[in-house]
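Novice: The structure is given below, and queries will be raised subsequently.
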Amino acid sequence: MPKKLSNALTPLAVKNAKAGRHADGGGLHLLVKPSGARSWVYRFMLNGKARDVGIGAAGQGGMTLADARDKASALRLKVKAGIDPLEERNREAAEALAAAQAAKVAGTTFRDVADAYIAANEESWRNPKHRQQWRNTLDAYVYPVIGELPAADVGTAHVLKILEPIWRGKAETASRIRGRIETVLDSAKARGYREGENPARWRGHLAQILPARTRLSRGHHRAIAYEQIPAFVAKLHEREAVAALALEFTILTASRSGEVIGAKWGEVDLDKALWTVPAERMKAGKEHRVPLSSRAVAILKSLQPLGSQWLFPGARGGKLSGMAMSMLMRRMNVDATVHGFRSGFRDWAAECTGYAHEVAEMALAHTIENKVERAYRRGDLFDKRRRLMDDWAAFCARGEAAGENVTPIRGVAAF
């Protein structure tokens with residue numbers, strides 16, 4: 001029977017060992033790689049299987065031979081007791097990782113997750129106002145309650161503490177806040193900071209606790225009936241302010257006020273009676289071509305002498321104020337919003353014309369959800385939209401014979 005090795009290696013042998021495996025005895029081995037790197041390994045048999053477990057580095061700066069033998073002796077006792085050193089090490093590593101993750105989760109607050117979510121997504125939010133609203137609502141309503149609370153600990157009671165005081169009095173704000181809390185907590189779960197159901201979820205959860213909001217019907221932007229729009233346009237002709245021309249142009253193009261206020265001359269081709277709104281200024285993120293009626297072109301030509309880069313400049317330079325058109329309507333004692341004229345246009349197109357639904361929707365630059373209607377986007381409805389907008393301009397001119405002549409404005413009056 002071959003003699004078992006026992007303390008076969010010496011410190012000098014460890015230092016000078018060539019590449020390969022060198023046994024010291026009792027399961028301890030010195031492994032030397034071709035690169036010269038050295039390490040200690042303990043080989044053991046358990047349940048009929050030979051396994052290696054690393055002990056540590058050997059050589060200069062590493063574990064000494066004596067220390068390696070002590071470590072091997074300790075592992076040998078564990079094996080005799082039926083303990084697998086490899087499984088024990090893996091279990092300890094898993095427990096340490098779990099403890100570290102638990103500590104990380106405990107230290108990750110709702111505010112931390114919200115900040116990370118906003119930072120990761122705000123570039124895709126084209127509207128600066130939307131970005132600011134996210135921050136403002138969280139700062140005002142959410143952070144005072146759960147901002148410093150671990151995201152893992154946020155529960156239904158916390159969400160209700162935020163929502164219940166404003167659910168009836170500020171219904172729209174409360175609904176948006178609920179949605180933002182839900183989004184942040186979904187993000188926290190995806191990142192491993194929490195588990196379980198989302199306490200801000202509406203369907204099947206908060207819907208069973210909070211009263212349903214009264215939904216606003218289409219056209220919740222206050223609007224005057226389309227039959228009254230020609231008379232309103234006629235009243236606009238009595239005013240020479242840039243805001244009046246901007247509002248009439250907004251009505252004639254059925255555009256959003258922000259698109260009109262932000263329009264520059266580089267977007268307009270008067271010879272082709274065409275206004276092209278770039279994708280970055282459109283709500284749907286797609287370029288929108290707007291056919292201009294002769295009246296709309298006349299309005300723009302009247303503003304050319306002002307020499308501004310903006311179609312509708314402000315009195316103090318730059319573009320027209322975002323509130324200029326709304327303030328004008330207020331002074332005219334009109335209880336409606338600028339956006340409401342889009343609803344008037346849509347109602348007029350549906351009730352007074354034979355144009356297809358998708359033509360009017362595309363004129364409004366709405367995103368078409370229906371697959372059949374969306375197929376129309378592969379074609380070009382521009383010519384149909386031009387005829388539609390010409391008919392709309394003719395309808396709006398019924399209040400008076402507006403004609404196509406507009407006296408050029410020499411000086412700028414915002415209102």
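The values are calculated or read from the model by the stated rules, or taken from the named source; none is laboratory data. On a predicted model such as this, the values are computed, not experimentally measured, just so you know. For neighbour counting, all protein chains shown are included, and Cβ atoms are generated from backbone atoms with ideal geometry for every residue, glycine included.
Novice: Can you tell me which condition residue 9 does not meet? The list is (1) outside any loop (DSSP other than H, G, I, E, B); (2) among the hydrophobic types (A, V, I, L, M, F, W, C); (3) more than 51 Å from the chain's Cα centre (by Cα), and all the others hold.
Specialist: For residue 9, the exception is condition (1).
Novice: Name every residue in the stretch 157-198 that is under 14 Å from residue 146 (Cβ atoms) and among the aromatic types (Phe, Trp, Tyr), in order of residue number.
Specialist: Selection gives 193 alone.
Novice: Looking only at residues in the stretch 301-328 that are part of a loop (DSSP other than H, G, I, E, B) and among the hydroxyl-bearing types (Ser, Thr, Tyr), which one is farthest from residue 245 (Cα to Cα)?
Specialist: Within the stretch 301-328, the match that is farthest from residue 245 (Cα to Cα) is 308.
Novice: Taking the stretch 3-13 as the search range and keeping residues that are modelled with pLDDT of 85 or more and among the hydrophobic types (A, V, I, L, M, F, W, C), which one is surrounded by the fewest Cβ atoms within 10 Å (Cβ to Cβ)?
Specialist: Ranking the qualifying residues of the stretch 3-13, first place goes to 12.
Novice: Then there's this: Quick one: how many residues across the stretch 268-289 are closer than 30 Å to residue 123 by Cβ and over 28 Å from the mean Cα position of the chain (by Cα)? Walk me through it before giving the result.
Specialist: Taking the stretch 268-289 first, the residues closer than 30 Å to residue 123 by Cβ are 268, 275-289.
With the extra rule that they be over 28 Å from the mean Cα position of the chain (by Cα), the set shrinks to 268, 275.
Total satisfying the criteria: 2.
Novice: Let me confirm something: among 212, 284, 200, which residue is of a type in the set (A, V, I, L, M), free of Cβ contacts under 8 Å to residues at least 24 places away in the same chain and not in a helix (DSSP H, G or I)?
Specialist: 212
Novice: Yes or no: the stretch 333-343 includes at least one residue that is surrounded by fewer than 16 Cβ atoms within 10 Å (Cβ to Cβ) and out of contact with any helix residue (DSSP H, G or I) (no Cβ under 9 Å at 6 or more places or on another chain).
Specialist: yes
Novice: For the stretch 180-214: of the residues being over 19 Å from residue 134 (Cβ atoms) and small (Gly, Ala, Ser), which is modelled with the lowest pLDDT?
Specialist: If we take residues in the stretch 180-214 being over 19 Å from residue 134 (Cβ atoms) and small (Gly, Ala, Ser), then 212 is modelled with the lowest pLDDT.
Novice: Here is a list: 114, 120. Which entry is at pLDDT 80 or above, closer than 29 Å to residue 133 by Cα and buried (at least 17 other Cβ atoms within 10 Å of the Cβ)? Steps first, please.
Specialist: Numbers: 120 fails: buried (at least 17 other Cβ atoms within 10 Å of the Cβ).
It is 114.
Novice: Something else: Anything in the stretch 236-265 that is outside any loop (DSSP other than H, G, I, E, B) and of a type in the set (D, E, K, R)? List them, or say none.
Specialist: Those that are outside any loop (DSSP other than H, G, I, E, B) and of a type in the set (D, E, K, R): 248, 259, 264.
Novice: Part of a helix (DSSP H, G or I), under 26 Å from the mean Cα position of the chain (by Cα), crowded, with 21+ Cβ neighbours inside 10 Å and aliphatic (A, V, I, L, M), is that true of residue 233? Walk me through it before giving the result.
Specialist: Numbers: part of a helix (DSSP H, G or I): yes; under 26 Å from the mean Cα position of the chain (by Cα): no; crowded, with 21+ Cβ neighbours inside 10 Å: yes; aliphatic (A, V, I, L, M): yes.
No.
Novice: Also: For residue 338, work out the one condition from (1) in a loop (DSSP other than H, G, I, E, B); (2) over 30 Å from residue 381 (Cβ atoms) it doesn't fulfil.
Specialist: The one condition residue 338 does not meet is (2).
Novice: Let me ask something else. Quick one: would you say residue 124 is among the polar types (S, T, N, Q) and outside the structural domain of residue 181 (by TED's automatic domain parsing)? Spell out the reasoning first.
Specialist: Details: among the polar types (S, T, N, Q): yes; outside the structural domain of residue 181 (by TED's automatic domain parsing): no.
No; evaluated as a whole, the condition is false for this residue.
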